[in-house]
Every structure is written in structure tokens, then in C-alpha cells.
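**Student:** The structure under discussion is supplied below as C-alpha cells; questions concerning it will follow.
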Amino acid sequence: MKTNYHTHTIRCQHASGSDEAYVISAIKSGFDILGFSDHTPWRYESDFVANMRMREVELEGYVDSLRELKQRYSEIIDIKIGLECEYFPKYIDWLKEITEKYQLDYLIFGNHYYPSDEVSPYFGYGKKDAFRLQEYVRSTIEGMESGLYAYLAHPDLFLRGYGEFDEVAEKACHSICKRAKELDFILEYNLAGLRYGRTANKIGYPHPKFWEIAAKYKCKAIVGIDAHNNEHLEMEDDFEEAIIYLKALGLEVVNEIPMRNY
């Protein structure tokens, strides 16, 4: 079975292509399941306006559009509807409410900011900062322990921001992988990071050192395309090569994730 659960839409302000275009590309590439997980909105208590996620008023249209496509293409491909979310303790009750209201199939944990993007810089940018790295690890583990999420997207995102694989970074990798194994929590090998690294001619994430450590703990892995353009779903060589790489390390590569029950 060929699956991808990490797919964005134009609503996040940094993707392109219609919802249907992603479905057509997924069918063309032989996917059995296509999961949409656009960046969640948040109901901020401040007047902050995010520039990398959908607005709350767009959420209903997002779900309605995908449900219509799910029905129309039901005999060809199974479409799942989710969101990619941070772990913001202050707003988690609201996230639970909308997850229930819209009967979402799953949530992906993408730890981009903490305690929220109102006050926090992006973990994937910045400078070598041991405190920020420790904050990433702590909040990542809290999020994994919350029971809200199906898997952890780009777990090694912090290495692009931290910028160096030193003893502190190595310890961070061990902490995340050890807890993921204890929780039987799936880690994502992220192809958007791979595409970025190839273009920038540098290693950020996925980082080989992280995945070697994940293999030592015998973590479960999943390949996430993190599609921000429908053509990303047609880059079949990247997808297959990632699976081969992870299996060569000895990791268990899964193609299904837990869905929410209502």
C-alpha cells in the first residue's frame, strides 16, 4: 500500500495548486491513501496574524472541499482529512474542540514554535542556541505524550535551526528517539526538508545522524512528502529512495497511521 498523510493546500499561504490537483497527482503516482494535513489555524487570544497557516474562517471550507473530493474519487483513492498542528498548551482545548467538531481523521504533530508563534521564533531558523534546542526537545516530548497526534513530522527540524551536530544536538536526538520508542510513536522522514537541502546544497533535515540514532532505538518511521505543490506527489524516485534508505538502516517503515475514533 502506498500512502502519504502530509499534504498541504493553498490556504496555508505558502503552497500552490488546487485541492483536486493534489488528488489527481496522487492517483497518477499510484497512491492508495492521500491524507491532507494543512497547517492548522489557531484561535489566538492576541491580535497576532500568522503568515504560514490557514485562517480560522477557512477551516470549514477546507473540510468541505476535501469531503467532496473524498466522495467523488472514492472508487479510486482513499482521502483522509487532518491537520498539521503544534503543541500549544494554552490553545489545546480549542484544538480538541475543532477536531471533534469536524470529525478529523488525524492530527500530525509539527513542532514549529513553542509556546506559540505569537511569541516564539521558528525552530527551523535562527542560530546555535542550546536553550532553544532544549525547549524544542521538551515540547516535542510533551506533544508526543499528549495522545493527540498520529505521528511526529520532521522530528529533526531543529537541526536546520541549530546548525551544528555537536554533543548537545546528539543528546537531543537521543532524547526524542528514546521517548518515541517508549511511546511507540511514529517519526516522519520529511521529503520537503530533503528537497530544501538539495536546493540549498546543505544538510538540515532529514539529518543522517538523527536517523542513525533512530535506528539504534528501533523507532518506527514513515515517509512524509510534505507536499506544498501537487507536483511533489509525482516525485516518485524521492519517495522510493527514502523507503530504501530507512529500511537499509534497519528501521521499521510503516505506511498506515492511527486514525481517530468518534
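**Student:** Under the Kirkwood approximation for Rh and a Cα-based Rg, what ratio Rg/Rh is obtained for region 1-133?
**Tutor:** That ratio equals 1.00.
**Student:** Can you pull the Kirkwood radius for the chain, inverse mean 1/r over Cα pairs, to one decimal in Å?
**Tutor:** 18.5
**Student:** Additional query: Can you give the local net charge around V57? Use residues other than it whose beta-carbon is closer than 15 angstrom to its beta-carbon, Lys and Arg +1, Asp and Glu -1.
**Tutor:** Result for the local shell: 0.
**Student:** Can you check what the Kirkwood hydrodynamic radius comes to for region 107-189, Cα pairs only, in Å to one decimal?
**Tutor:** 12.7
**Student:** Add -39500 (n - 2.57) for each DSSP H run of 4 or more in the chain, then divide by its residues: what number comes out at 222 nm, to the nearest 500 deg cm²/dmol?
**Tutor:** So the calculated ellipticity at 222 nm is -12500 deg cm²/dmol.
**Student:** Now a separate question. Rounding to the nearest 20 debye, state how big the charge dipole of region 1-130 is about its Cα centre with +1 on each Lys and Arg Cβ and -1 on each Asp and Glu Cβ.
**Tutor:** Value, rounded to 20: 380 debye.
**Student:** Please work out the Cα convex hull volume for region 55-147 and give it in Å³ per residue.
**Tutor:** 123
**Student:** What's the Cα-based Rg to Rh of region 169-249, Rh via Kirkwood?
**Tutor:** Using only Cα positions, Rg/Rh for region 169-249 is 0.98.
**Student:** Counting only protein heavy atoms and using a 1.4 Å probe, what share of the accessible area of the chain belongs to carbon plus sulfur, as a whole percent?
**Tutor:** 48
**Student:** Shifting gears a bit: Ranked from highest to lowest mean number of other Cβ atoms within 10 Å per residue, what is the order of the peptides 46-53, 144-151, 157-164?
**Tutor:** Sorting 46-53, 144-151, 157-164 by mean packing, highest first, produces 157-164, 144-151, 46-53.
**Student:** For the chain, report the accessible area per residue in Å² (1.4 Å probe, heavy atoms, rounded to an integer).
**Tutor:** 45
The values are calculated or read from the model by the stated rules, or taken from the named source; none is laboratory data. For clarity, every value in this text was computed on a predicted model and none was experimentally measured. All Cβ positions, even for glycine, are placed from backbone atoms using ideal geometry, and neighbour counts span all protein chains on display. SASA here: full protein model, heavy atoms, side chains in, ligands and nucleic acids out. Shrake-Rupley method; radii C 1.70, N 1.55, O 1.52, S 1.80 Å.
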